[in-house]
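Only the coordinates and a few stated rules stand behind these numbers; no lab work does. Worth saying up front: this structure is predicted, and the values here are computed from it rather than measured. Counting neighbours? That spans all protein chains shown, and the Cβs are built from the backbone with ideal geometry, glycine included.
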Amino acid sequence: MTVTPMAAPAPQTTGAHPRGRGRRSPLASLGLHATLIVASLIAVFPIVWVLLSSFKPGHAVQSSELTLVKEPTLANYSYVLFDTSFPTWMVNSVVIALCTMLIGILMSATTGYALSRFNFPGRRHLLLVFLVTQMFPVAILIVPIYQIMAALGLINTHAALVIAYLTIAVPFCSWMLKGYFDSIPTSLDEAASIDGAGPFATFWKVIMPLARPGIAVTAFYTFLTAWGEVAYASAFMQTDDRFTLAYGMQQFVPQFNAQWEYLTAAAVLVTVPAGLVFLYAQRHLVSGLTAGGTKG
Amino acid sequence: MRRTARGIAVLASAAIALVVTACGNDATEAPTKTDPAALSAELTWWDTSDPANEGPAFKQLITEFNKTYPNVKINYQSVPFGDAQNKFKTAAAAKSGAPDILRAEVAWVPEFASLGYLYNLDGSELLADESDFFATPMSANKFAGKTYGVPQVTDSLALMYNKKIFTEAGITEAPKTWADVKTAAATIKAKTGKDGLFINPGGYFLLPFIYGEGGDLVDTAAKKIVVNSDANVAGIKVAADLVKSGAAVKPPAKDGYGTMMTLFKEQKVAMIINGPWEVNNVRTAPTFGGIENLGVAAVPAGSAKAGAPVGGHNYVLYSGMAQDKAAAAIAFVKFMSSAQSQAFLADKLGVLPTRKSAYEIDSVKNNAIIAAFQPVVAAAVARPWIPEGGQFFTALDVMATEVLVQGKDAKASLDTVADTYKTEVVKDYSAS
Amino acid sequence: MSTATATPPARTSPPPRETPRPGRLRRSWDKHWYAWVMVAPVVIVLAVLIFYPLGRGILLSFTDLTEANQLAEICDRSITGAEVCRPNPNAWQYIGLDNYADVLSGKVGRFWQWLGITLIWTVGCVVFHYALGLGLAVLLNRPIRGRGVYRVLLILPWAVPAFVSAFAWRFMFNEKFGLINSLLEAAGISRVEWFADWKTSLLTAIVANIWLGVPFMMVTLLGGMQTIPTEQYEAAEIDGATAWQRFVNITLPGLRSVSMTVLLLGTIWTFNMFPVIFLVNGGGPAGQTEILVTGAFRSAFEGIRNYSMASTYGVLILSILLVFSVLYRRALRKQGEVW
């Protein structure tokens, strides 16, 4: 089951660690699984709490008697799904996250490739510039960014959020992908160049497919940046029909009388699709870059 | 003791019917107005109330409003309270995206008004019967001699107590002073084993102790910082002593508010200092024993008097709203803040009307909790209504945690607050 | 060729440093236009959305501009139609380095205390992020039964919106009703007043943030491991290297480029991590665990917003991180080319 349907490269990668299954002693195997199980438990522990709370009536979520299950109900889910704009927020979030992901991958891949392969003037500065963009705290920048968005007429549009999320995600992803591209032998570029491919064709047809794990990381990162972000969404979005999930959910925790039961139910509904994206994307974390690249 | 739910429903619909007729009358009587249907505009309203529990009642009122004014479209937008202040200011400063009408917390109004973000309402129909509003909630709308809003709801802090625990402990009357509270708490602990009082360690919740000794945060007339006055030190010491002596539960440094409400709802603590916004929450808690079990009294007095801060929300109009929408906006706010609308909200949500005439309406008069809160509100103390008013509480919260949770000296802690006020909040005020 | 990945490979056609000659720009364009085209979209977006505000921020830090004095004149509009405008009595002005003096001398805010907490916070979080992320990535990179399931479970904390997780941790650490204190009590240990002391209070936030951040490190490093050629492992195995030796001699050097990136950016992000401190312990008790960003936010953005003060903090934070980056780069440089 660990051999993912990544077709050709996967078996090679797995085969590359022959010591693994063959030689690992049962004790080592047990230790490995035990460690991973403990780590997984810690990872899902707060999420389980959220999950259990989502089935409780409101008054039982924060209570001096700690219970796993109490008066289980699906009312919270039905409220969130049918009495709020949750489905709209979900659609908005999916659209925004996918747009951020696609544009983000494209932008950071081209940038990362240029940074990795071409020693153009300004290259070093650009890498530093990317760092600087991450250094100035967003909490403080939000007012001027709002004014720019207002000047561009983007307030209360999804484009504003996609652009804002790109500024968060692309610098990191470009750095990341530059590292991946660095590890792809330049001989491949040269070979493509000899075959008559221009720099864009080389990038698209030769390099991109080889950088799959890096692209997968980029995809994770861009998608999740857009998925859980609240500060920009709360500043730029003004009407209920434009809210993203993370921001819309904040409506469940007003100043007084926070409705934890709705928040937790919504959180579960938010985590499930993200988990599915993971399930799909994690396969690409193992790919035949090295095997395919150097042997093929 | 309460009417049946059916009775409430009948009263509520009666209130709505009254509202409709009342507004119809107003519109026809007003000399400058013609047919309400001729008024046409699209208005955006940012409501900061609780969208799940309170939002539906406001939407219901909008529907009623549209029966009279079919061509005024209200875009109701719920905005989380915690966001609304910064969100409004950011949008107003950029002149893009701000709503026409906002439900603003009382302390926001002088701040927004000083920045030029609000229409002043002087000379408009909204202030025609200004004297019908309680003076203290109304005062929060005044800035530099002009009026920038009308009160939507008002609130104040009160002593909320568990009647059953009081009976079990043999206490027949709500304590009137902090000394009485201490005695009552000891009796409760001895007779029932339960805790007497919970003080939320937040600056706002310590104001009754400060007012009780005749103190205040700043003296706006003399432009003086008085937060570390002897009276205030004495008041904060009273609170600290309640915790130290065990009369009040030692509060946690984080989530003190939630802890207070959970303990109160589970009948583990007999008394809390809190406001009418929690009445609904207590009423619906299955562990509390219903509204019949809830007692409400004025906050206990210190050595000088009993006083609690006024809170609440106002309707304000954004100064960037086009002038031609003014008539529609006024009609809407007038409708929403009418005595009948307030009575409807009081009945539905348990919030306190700001108009004297609203308390004459039967559904309000017969509401025991609102009746209990009315003297509390009438005696509420106005806060310093200056633009910096919202900034007083960060430092005060720090003080509350230091004194009540960490056991620091009240005087030293208040001196630090005074320093912060001088260097960061009201720089042109003199230190005491 | 296949083994030359421990350090970034030489780039194609490394040109000598350009010498200033007439027509240099033109030739440079001819030669590098595709590189510039590839980076242009990113540069444009960043220039508009980050660099303009950043430049403005630096400028503002030398003024006393606040929300109240930013307008030259304040207009009061009456609903009845009149509009009265009067000049702002105390309009903003340049005040030189006064803001910096106020902040650094401790007259306003508690800069040095916040900086100290920020350092503890950043080091604590990043070290654990990296160590745990690397450990889990190594385990998950081995062929084991159920690897896909483990991976998804371990990444899951990343999928929950951070503010929900922050609330969840706050609930678990709740002193009276929290799960953690109940478990401690069940185990016969006394309850801990987590938020009453700054050390335990900071610990709650660090624990929550470690939990939030490990999946990111794990995924990134796992991705990085895929760039290590398998031949290296095979060769090492033939030479009889132990698992630890393989880890130290192949995995770690192979991850060098990725590690450098995530450690550097991880540090920068953690330094400026606003929501976790803000939501988990709120900088409490009594503001003792504020980090620089949350402290700056509270002192500049509550009530009348003090833009100049916010910018001053922003510039100070930026400077600290820039110095860190330069030192970091210099340290890495001794071991080979960095960037």
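Rg and Dmax of the range A:53-186, both derived from C-alpha coordinates alone, stand at 21.9, 66 Å. For the range A:128-223, the Stokes-Einstein estimate of translational diffusion at 20 °C and a viscosity of 1.002 mPa s comes to 136 µm²/s, using the Kirkwood hydrodynamic radius over alpha-carbon pairs.
Distance from the alpha carbon centroid of the range A:169-246 to that of the range B:212-262 works out to 54 angstrom.
Checking the Cα-Cα distances for B:K325/B:K427; B:K89/B:K365; B:K89/B:K422; B:K89/B:K325 against a 30 Å cut-off, the pairs over it are B:K325/B:K427; B:K89/B:K365. The shape of the range A:70-135 can be summarised by an equivalent ellipsoid whose semi-axes, obtained from the alpha carbon gyration tensor, come to 45, 14, 9 Å from longest to shortest. Each Cα pair under 8 Å and six or more residues apart adds its sequence gap; the mean of these over the residue count of chain C is a relative contact order of 27 percent.
Note: relative contact order over the range A:131-237, using C-alpha pairs below 8 Å and six or more positions apart, is 44 percent. Set against the 2.2 N^0.38 Å expectation for a compact globular protein, the protein assembly as shown has a Cα radius of gyration ratio of 1.00. Per residue of peptide B:143-149, the mean number of Cβ atoms on other chains within 10 Å of the residue Cβ is 1. Peptide B:89-95 has a mean of 6 when you count, residue by residue, the C-beta atoms of other protein chains within 10 Å of its C-beta. What the phi angles of the range B:215-229 give under the Karplus curve with 6.51, -1.76 and 1.60, with θ = phi - 60°, is a coupling list of x, 7, 7, 9, 9, 5, 5, 8, 6, 10, 8, 10, 5, 9, 5 Hz, glycine and proline written as x. In this structure, the amide hydrogen of C:T63, modeled 1.01 Å from its nitrogen in the peptide plane, lies closer than 5 angstrom to those of C:I95, counting only residues at least 5 positions away or on a different chain.
When only Cα pairs below 8 angstrom with a gap of at least 6 residues are kept, chain B shows a relative contact order of 25 percent. Remark on chain A: Rg and Dmax equal 23.2, 73 Å (Cα only).
When both the range C:233-274 and the range C:33-67 are represented by their alpha-carbon centers, they are found 33 Å apart. Pairs of Cα atoms in chain B fall into 10 Å distance bins, from 0 up to the last occupied one, in shares of 4, 21, 30, 25, 15, 5, 0 percent. The protection proxy used here, the mean number of other Cβ atoms lying within 10 Å of each residue, ranks peptides C:172-180, B:142-150, C:275-283 as follows, highest first: C:275-283, C:172-180, B:142-150. From most to least packed by mean Cβ count within 10 Å, the peptides A:234-247, B:275-288 give A:234-247, B:275-288. Would the range B:308-432 count as rounded, prolate or oblate if I go by the C-alpha gyration tensor, calling it rounded below 1.5 in a/c and otherwise prolate when a/b exceeds b/c, oblate otherwise? Oblate, because a/c is 1.5 or more while a/b does not exceed b/c.
About its Cα centre, the dipole of the protein assembly as shown is roughly 3320 debye, where the only charges are +1 on Lys and Arg Cβ and -1 on Asp and Glu Cβ. The order of A:C173, C:C85, A:C99, going from fewest to most other C-beta atoms within 10 Å of their C-beta, is C:C85, A:C99, A:C173. Name the long-range amide H neighbours of B:V72: under 5 Å, sequence gap of 5 or more, or other chain; modelled H, no Pro or chain starts. Amide H neighbours of B:V72, under 5 Å, 5+ apart: B:A41. Once you divide the Cα radius of gyration of the range B:232-307 by 2.2 N^0.38 Å, the number left is 1.21. With the convex hull of its Cα atoms as the shape, chain C has an orientation-averaged projected area of 28.6 nm². In summary, the convex hull built on the alpha carbon positions of the range B:317-376 has an orientation-averaged projected area of 4.8 nm².
Sorted largest first, the principal axis extents computed over the alpha-carbon atoms of the range C:54-164 equal 76, 44, 23 Å.
Taking the fewest neighbouring Cβ atoms within 10 Å as the starting point, the ordered list for A:E261, B:E266 is B:E266, A:E261.
Taking the empirical scaling 2.2 N^0.38 Å for compact globular proteins as reference, the range B:165-239 has a Cα radius of gyration ratio of 1.38. In the calculated pair-distance distribution of the range B:241-388, the portion above 23 angstrom amounts to 52 percent of the Cα-Cα pairs.
Backbone phi angles across the range C:277-285, fed through the Karplus curve with coefficients 6.51, -1.76 and 1.60 (θ = phi - 60°), yield HN-Hα couplings of 4, 4, 8, 6, 10, x, x, x, x Hz in residue order; Gly and Pro are listed as x. Taking amide H atoms as placed 1.01 Å from N in the peptide plane, the amide H of B:A253 lies under 5 Å from those of C:F195, C:A196, each 5 or more residues away in sequence or on another chain.
Inter-chain neighbour count for B:112-121: the average number of beta-carbon atoms from partner chains within 10 Å of each residue's beta-carbon is 4.
For the range C:158-258, what is the convex hull volume of the alpha-carbon atoms per residue, in Å³? Hull volume normalised by residue count: 158 Å³.
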